[in-house]
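Report on the following structure.
The values are calculated or read from the model by the stated rules, or taken from the named source; none is laboratory data. This structure is a prediction, so every number in the text was calculated from the model and none was measured. Quick reminder, even Gly has a Cβ in these numbers, built from the backbone with ideal geometry, and neighbours come from all protein chains shown. Accessible surface is based on the protein model in full, side chains and every heavy atom, while ligands, DNA and RNA are left aside. Shrake-Rupley method; radii C 1.70, N 1.55, O 1.52, S 1.80 Å.
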Amino acid sequence: MKILVTGGAGFIGSNFIRLVLSKHPDHEVVNLDKLTYAGNLDNLRDIEANPRYSFVHADICDADAVAAAMDGIDAIVNFAAESHVDRSIGGPADFIQTDVFGTYVLLEAARSHNVGRYVQISTDEVYGSIREGSFSEVDRLQPSSPYSASKAGGDMQVMAYHTTFGVPAIITRSSNNFGPYQYPEKIIPLFITNALENKKLPLYGDGANVRDWIYVTDNCEAIDLVLHQGKIGEIYNIGGGNERDNLSITKLILGALDKDEEKIQRVPDRPGHDFRYSIDCSKVKELGWAPARSFEDSLRETVDWYVDNCWWWEKIKSGKFARYYQKQYEKRNSS
Ligand code: NAD
Ligand code: TDX
């Protein structure tokens with residue numbers, strides 16, 4: 001199988017490419033990525049010389065560039081997105097462009113090249129917040145942020161292309177991922193690296209908001225299963241079953257690094273902050289998937305990875321990210 005992976009230079013996409021190349025010796029991967037601030041070819045250093053891997057530097061919104069990459073492609077897996085909620089609050093335009101329009105461009109390519117499978121990587125955030133219980137795949141979409149609204153818009157186009165044009169599409173909606181190569185703007189890598197740099201850990205509001213955490217390779221295994229065995233036209237929730245509030249996560253990170261809790265800095269809450277995400281994953285479990293990793297062990301390993309791989313995150317934090325982060329930090333503390 002020859003797979004076009006879009007957004008493969010990001011966090012989950014790069015882990016997915018690594019998994020596919022090692023698990024399926026007969027598969028080829030073409031990675032098409034725009035290399036935004038979040039795209040980083042360092043994430044793929046260990047596989048860039050693999051003869052079954054190739055890279056195309058392009059934007060998914062560019063229909064000609066996407067068409068040029070479609071030669072011999074059997075399946076598309078779309079990870080490409082603007083993915084950070086806080087950035088979507090600061091400026092939604094890029095989110096709507098990539099997450100909605102870019103998805104449409106890929107669906108058109110899937111349609112005109114008659115691909116065998118199109119997998120859209122979506123998120124549990126499209127369902128919105130839930131105080132009690134868990135969302136299943138048939139629940140209505142009630143996104144709260146420009147990010148989740150854009151992802152929901154992409155999902156709607158995917159289902160419409162399946163219904164109207166017969167595009168063989170599947171959607172996965174996963175919970176919060178963590179692990180190696182996650183850009184240090186998301187809470188876990190941001191807090192680990194801040195602690196390592198002896199900086200404060202900016203905890204939003206009272207720290208009681210709950211996320212369901214999944215180790216990235218568990219999500220990638222589920223995506224791989226859905227790609228090969230999922231039912232066309234279906235949506236699959238993929239969650240780790242590890243619901244934790246943000247304060248608990250923060251304390252676990254500080255504990256793993258032997259740092260004291262004075263590092264925690266309460267900062268004003270994120271506007272529109274969803275209180276809790278929770279999804280029912282029985283459907284993907286019926287396909288034969290279950291998370292393989294324990295949360296506490298994976299978190300400790302993740303902390304160790306950032307400790308051992310300063311080369312990876314230090315250059316990110318000393319460049320563009322540092323300027324963005326400093327601006328956000330000053331804004332929050334002056335409001
Ligand atoms: P990421 O921000 O680390 O990576 C996104 C990648 O997409 C980057 O390599 C970037 O360069 C690329 N990209 C962005 N715009 C592009 C464009 N117009 N054309 C081509 N490439 C473009 O994101 P991630 O955390 O790896 O998330 C991957 C996908 O999974 C996203 O669709 C996201 O919505 C979804 N998701 C993420 C999580 C999570 O916890 N990280 C959870 C659920 C779903
Ligand atoms: O500095 C911070 N302080 C803080 O308290 C940051 C960055 C986050 N938080 C809180 C906000 C959330 O309750 O931590 C929680 C997690 O925040 P993020 O890491 O920004 O993730 P979240 O907003 O939950 O979205 C993530 O999971 C779903 C990904 O960024 C999305 O791409 C994915 O769809």
With Cα atoms, 0 to 90° folded angle of helix 320-334 axis to the chain main axis: 50 degrees
Theoretical gain in end-to-end length, Ser318 to Ser136 [0.36 nm per residue, Cα-Cα removed]: 61.4 nm
Amide proton proximity set for Phe55, modelled H, under 5 Å, gap of 5+: Asn31
Protection proxy ranking of 25-32, 196-203 - average other beta-carbon atoms within 10 Å, highest first: 25-32, 196-203
Dipole of segment 2-334 [Lys/Arg +1, Asp/Glu -1 at C-beta], most positive-end residue of Thr302, Pro184, Ala58: Pro184
Per-residue ³J(HN,Hα) for segment 229-240, Karplus 6.51 cos²θ - 1.76 cosθ + 1.60, θ = phi - 60°, Hz, x for Gly and Pro: 10, x, 8, 4, x, 9, 10, 10, 6, 10, x, x
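Can you pull out the trypsin sites (Lys or Arg not before Pro) in segment 1-48 that DSSP calls coil and that have at most 11 other Cβ atoms within 10 Å?
Answer by residue number: Arg45.
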Principal axis dimensions, largest first and in whole angstrom, of segment 1-116 by Cα: 42, 33, 19
Beta bridges by DSSP in the chain, antiparallel share as percent, to the nearest 5: 10 percent
Å² of accessible area per residue within the chain, as computed with a 1.4 Å probe and no ligands counted: 41 Å²
Extreme residue, positive dipole direction of the chain, given options Tyr147, Val5, Gly90 (C-beta unit charges): Gly90
Arg111 accessible area, assembled protein chains, probe 1.4 Å, Å²: 90 Å²
Qualifying GluC sites (Glu not before Pro) in segment 75-170, DSSP loop, other Cβ atoms within 10 Å at most 11: Glu132
Nearest-ten-degree value, helix 246-256 long axis tilted from longest Cα axis of the chain: 80 degrees
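For each pair in Lys34/Lys283; Lys259/Lys315; Lys34/Lys317; Lys151/Lys317; Lys34/Lys263; Lys2/Lys231, compute the distance between the two Cα atoms and list the pairs where it is over 31 Å. Could the numbers behind the result be given before it?
Details: Lys34/Lys283 33 Å; Lys259/Lys315 23 Å; Lys34/Lys317 20 Å; Lys151/Lys317 27 Å; Lys34/Lys263 36 Å; Lys2/Lys231 19 Å.
Exceeds cut-off: Lys34/Lys283; Lys34/Lys263.
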Ser174 long-range amide H proximity, modeled H, under 5 Å: Ser122, Thr123, Asp124, Ile238
Whole-Hz ³J(HN,Hα) from phi, Karplus 6.51 cos²θ - 1.76 cosθ + 1.60, for segment 125-136, glycine and proline x: 5, 5, 6, x, 8, 9, 6, 9, x, 9, 7, 9
Under Karplus coefficients 6.51, -1.76 and 1.60, residue-wise ³J(HN,Hα) of segment 169-178 in Hz, glycine/proline x: 9, 9, 10, 10, 10, 9, 8, 5, 8, 8
The chain: C-alpha pair distances exceeding 34 Å, %: 19 percent
Sequence-separation-based contact order of the chain, relative, with Cα cut under 8 Å and 6+ spacing, percent: 17 percent
Length added when fully stretched, Phe165-Ala49, from 0.36 nm per residue minus Cα-Cα: 38.0 nm
Within the accessible area of segment 2-334 (1.4 Å probe), percent carbon and sulfur: 49 percent
